[in-house]
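Inspection log for the structure reproduced underneath, given as structure tokens.
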Amino acid sequence: MKTAKGVIFDFNGTLFFDTKFHIKAFKEKLEEAGKPVPDDHYLIKNVFGKPNSTVYREFFDPNATDEAVRAFANSKEDKYIAYCVEHPEFMHLVHGAPEMLDYLLDNKIPYALATGSDLRNVEFYLSELGISKWFNFNNITYADGIIKGKPEPDVYITAANKMGLDPSECIVFEDAGSGFKAANAAGALAVIAVREEDLPSPIDDSVKVDLEILNYLSYKEIFAKYGLLR
């Protein structure tokens, strides 16, 4: 097996288990608009990970103006952030993630974030989750309105290139169907699915996933498999 040189993480639902808050906020927006509300499995497999602009035009108005998209995004993210703040018990990284990130940092193994979140949310995470020890805007690629969102491969290609690598030299940790497709399309060396234990698996036959995990407690075994153990 080819040896990896770097690691790329999605963030929401991958390093931070916040999917339940995104589900609640999005379903409320659909209910307010009188739109059909899909089940959680559908949202995880087919919706989450995509940029708000794509989601709004798919579910609400295919001809929406940029202004309408921004209004939706701001309202939905207001709800989402409020839920996060109301539940501080969930405001931490997934079990094993801090130790894993320390390992990458201490051993000078390149790593990056490739998230569908926008700038506002990224700044919220840097401030409220204490992740600035490991991440800054040199190794974060986010939904800036320029880079094509998942399931297009651009976010993973950009994240890898920030590390001076090709996606084929990186293992990717993801949680959503659109993210798996993006990593597959980018040519990632391996894709590791991360799943919250009480949520349905996002994996189906349309994506290639090499392993599914519930936390990062076994990160050294994964790193050893791909030649990243020092």
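The values are calculated or read from the model by the stated rules, or taken from the named source; none is laboratory data. Predicted model, so just to flag it, every value in this text is computed and none were measured. Here the Cβ positions follow ideal geometry from the backbone for every residue, glycine too, while neighbour counts run over all protein chains shown. Heavy atoms of the whole protein, side chains included, go into the accessibility calculation; ligands, DNA and RNA do not. Shrake-Rupley method; radii C 1.70, N 1.55, O 1.52, S 1.80 Å.
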message: SER168 - would you say it is at pLDDT 95 or above and either touching a Lys or Arg at 6+ places or on another chain (Cβ under 8 Å) or open to solvent by 20 Å² or more (accessible area, probe 1.4 Å) (or both)?
response: yes
field: Condition met for VAL55 (open to solvent by less than 50 Å² (accessible area, probe 1.4 Å), closer than 30 Å to LEU165 by Cβ and either without any contact (Cβ under 8 Å) to a residue 12 or more places away in the chain or within 21 Å of the chain's Cα centre (by Cα) (or both))
entry: yes
Residue that is farther than 19 Å from LYS79 by Cβ and either of a type outside the set (Asp, Glu) or touching a residue at least 60 places away in the same chain (Cβ under 8 Å) (or both), where the choices are VAL37, VAL7: VAL7
message: Based on this model, can you work out whether TYR56 counts as of a type outside the set (Gly, Ala, Ser) and out of contact with any helix residue (DSSP H, G or I) (no Cβ under 8 Å at 6 or more places or on another chain)?
response: no
Meets criteria (in contact with a Cys (Cβ under 7 Å, 6 or more places away or on another chain) and buried (at least 22 other Cβ atoms within 10 Å of the Cβ)) for ALA183: no
Residues of the stretch 128-155 satisfying the condition of being out of contact with any strand residue (DSSP E or B) (no Cβ under 9 Å at 6 or more places or on another chain), at pLDDT 95 or above and open to solvent by less than 30 Å² (accessible area, probe 1.4 Å): PRO153
message: I'd like to check something: does the stretch 115-123 contain any residue that is among the hydrophobic types (A, V, I, L, M, F, W, C) and touching a helix residue (DSSP H, G or I) at 6+ places or on another chain (Cβ under 9 Å)?
response: no
Top-ranked residue of the stretch 201-223 - restricted to ones that are outside any loop (DSSP other than H, G, I, E, B) and among the acidic types (Asp, Glu), ranked as surrounded by the most Cβ atoms within 10 Å (Cβ to Cβ): GLU212
task: Scan the stretch 9-38 for residues that are of a type in the set (Gly, Ala, Ser) and either in a helix (DSSP H, G or I) or surrounded by fewer than 23 Cβ atoms within 10 Å (Cβ to Cβ) (or both) and jot them down.
output: ALA25, ALA33, GLY34
- prompt: Could you say whether any residue in the stretch 78-88 is open to solvent by 60 Å² or more (accessible area, probe 1.4 Å) and among the β-branched types (Val, Ile, Thr)?
  reply: yes
task: Kindly list the number of the only condition in (1) free of Cβ contacts under 8 Å to residues at least 12 places away in the same chain; (2) closer than 14 Å to VAL94 by Cα that fails for TYR219.
output: (1)
